[in-house]
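The values are calculated or read from the model by the stated rules, or taken from the named source; none is laboratory data. Every value quoted in this text rests on a predicted model; they were computed, and no experiment measured them. Counting neighbours? That spans all protein chains shown, and the Cβs are built from the backbone with ideal geometry, glycine included.
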């Protein structure tokens, strides 16, 4: 476990060094906005997945740092856009980009960053990597639209929720794993296994993020607790709580979403009392288990062990 942690720390350090010393665009203002977002932190999970997928066959995954960095930059561009759409004030414990630069610059920065990424990807990588990344951008946008249409929809089903998060969040994890595997020379069977890992892991990751919104504190989240409720998002703990929490909880949520109540505290307490926290934890474990089982076709080795560790971490457990 200690050796594994050292390897992972080294991988993260390499990613951070790449961003600090190598990343720049032709527009200084956009470069500053993106670097501010990068400096605010983040787990860098998407580039880590890319490098681990490449490592399945390539003994030198550091050769794929640039590809891994693009995965994080796609994520950053989506966050910049999300904060404009959601009128968010903070991100990762600091001002959202729109707060410091305004909505117009933020939208243009996100658009520019997408264009810059795909210009470089198409110049540097042969198909199917550019095709995969262009398709995932469409998936992310589709997921965002589906989520916007579902705001405040108390009848949203668990199945519809999974469709939204599969597109909005998990699709990029799947693409990160798939592209890393292809770049590293993995077999077709291994590529499919790694893509499935990314998809299942991404669903579990988003469920975990939803759960933290009603169980963590603001300092740990880097944004206000109950922020998803304030934005009228239908998260998995809320969906499950509405199924078992009774008419009182449903009434509270309806009044809150209609603007007739302001306090999220009673709703969060109702979600906790309903058993939805435990149900969500069970679902996270289910999808994390699917992610781990997806790794079956891979040969045993350090990369497989690290991917299994990621799946375990999203459940709050370590093996």
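Taking only region 20-36 into account, find how many residues are part of a helix (DSSP H, G or I) and touching a helix residue (DSSP H, G or I) at 6+ places or on another chain (Cβ under 9 Å). Please lay out each step first, then the result.
Going through region 20-36, the residues part of a helix (DSSP H, G or I) turn out to be 20-21, 28-36.
So of that shortlist, the ones also touching a helix residue (DSSP H, G or I) at 6+ places or on another chain (Cβ under 9 Å) come out as 20, 29-30, 32-36.
Summing the residues that are part of a helix (DSSP H, G or I) and touching a helix residue (DSSP H, G or I) at 6+ places or on another chain (Cβ under 9 Å) in region 20-36 gives 8.
What do you reckon, is residue 145 assigned to a helix (DSSP H, G or I), over 30 Å from residue 245 (Cα atoms) and out of contact with any strand residue (DSSP E or B) (no Cβ under 7 Å at 6 or more places or on another chain)?
Details: assigned to a helix (DSSP H, G or I): yes; over 30 Å from residue 245 (Cα atoms): no; out of contact with any strand residue (DSSP E or B) (no Cβ under 7 Å at 6 or more places or on another chain): yes.
When the stated conditions are applied, residue 145 does not pass them.
Answer yes or no: is there a residue in region 192-210 that is assigned to a loop (DSSP other than H, G, I, E, B), at pLDDT 95 or above and over 21 Å from residue 81 (Cβ atoms). Don't jump to the end; show me each part of the working.
Here is the first cut: in region 192-210, the ones assigned to a loop (DSSP other than H, G, I, E, B) are none.
Scanning region 192-210 turns up no residue that is assigned to a loop (DSSP other than H, G, I, E, B), at pLDDT 95 or above and over 21 Å from residue 81 (Cβ atoms).
If you check residue 232 against the conditions, is it within 25 Å of the chain's Cα centre (by Cα), assigned to a helix (DSSP H, G or I), in contact (Cβ under 8 Å) with a residue 60 or more places away in the chain and closer than 20 Å to residue 150 by Cβ?
no
Filter region 150-170 down to the residues that are in a loop (DSSP other than H, G, I, E, B) and touching a residue at least 24 places away in the same chain (Cβ under 8 Å) and list them by number. I'd like the intermediate steps shown before the answer.
Taking region 150-170 as the starting set, the residues that turn out to be in a loop (DSSP other than H, G, I, E, B) are 150-157.
150, 151, 152, 153, 154, 156, 157, listed by residue number.
Quickly run through region 264-300 and pick out the residues that are in a loop (DSSP other than H, G, I, E, B) and in contact with a helix residue (DSSP H, G or I) (Cβ under 8 Å, 6 or more places away or on another chain). Write out each step before concluding.
Filtering region 264-300 for residues in a loop (DSSP other than H, G, I, E, B) gives 264, 274-275, 295-300.
If the condition is that a residue be in a loop (DSSP other than H, G, I, E, B) and in contact with a helix residue (DSSP H, G or I) (Cβ under 8 Å, 6 or more places away or on another chain), then 264, 274, 275, 295, 296, 297, 298 are the ones that fit.
Check region 100-123 and report whether any residue there is more than 18 Å from residue 35 (Cβ to Cβ) and not in a helix (DSSP H, G or I).
No; the residues of region 100-123 include none that is more than 18 Å from residue 35 (Cβ to Cβ) and not in a helix (DSSP H, G or I).
Of the residues that make up region 37-54, is at least one in contact with a strand residue (DSSP E or B) (Cβ under 7 Å, 6 or more places away or on another chain) and either surrounded by fewer than 23 Cβ atoms within 10 Å (Cβ to Cβ) or not in a helix (DSSP H, G or I) (or both)?
Yes; the residues of region 37-54 include at least one that is in contact with a strand residue (DSSP E or B) (Cβ under 7 Å, 6 or more places away or on another chain) and either surrounded by fewer than 23 Cβ atoms within 10 Å (Cβ to Cβ) or not in a helix (DSSP H, G or I) (or both).
Condition first: crowded, with 17+ Cβ neighbours inside 10 Å, farther than 30 Å from residue 307 by Cα and without any contact (Cβ under 8 Å) to a residue 40 or more places away in the chain. Now tell me which residues in region 236-292 satisfy that.
241, 245, 249, 252, 256, 264, 270, 274
In region 104-149, which residues are under 19 Å from the mean Cα position of the chain (by Cα), surrounded by 14 or more Cβ atoms within 10 Å (Cβ to Cβ) and in contact (Cβ under 8 Å) with a residue 40 or more places away in the chain?
Of everything in region 104-149, those that are under 19 Å from the mean Cα position of the chain (by Cα), surrounded by 14 or more Cβ atoms within 10 Å (Cβ to Cβ) and in contact (Cβ under 8 Å) with a residue 40 or more places away in the chain turn out to be 113, 114, 117, 132, 133, 136, 137, 140, 144, 147.
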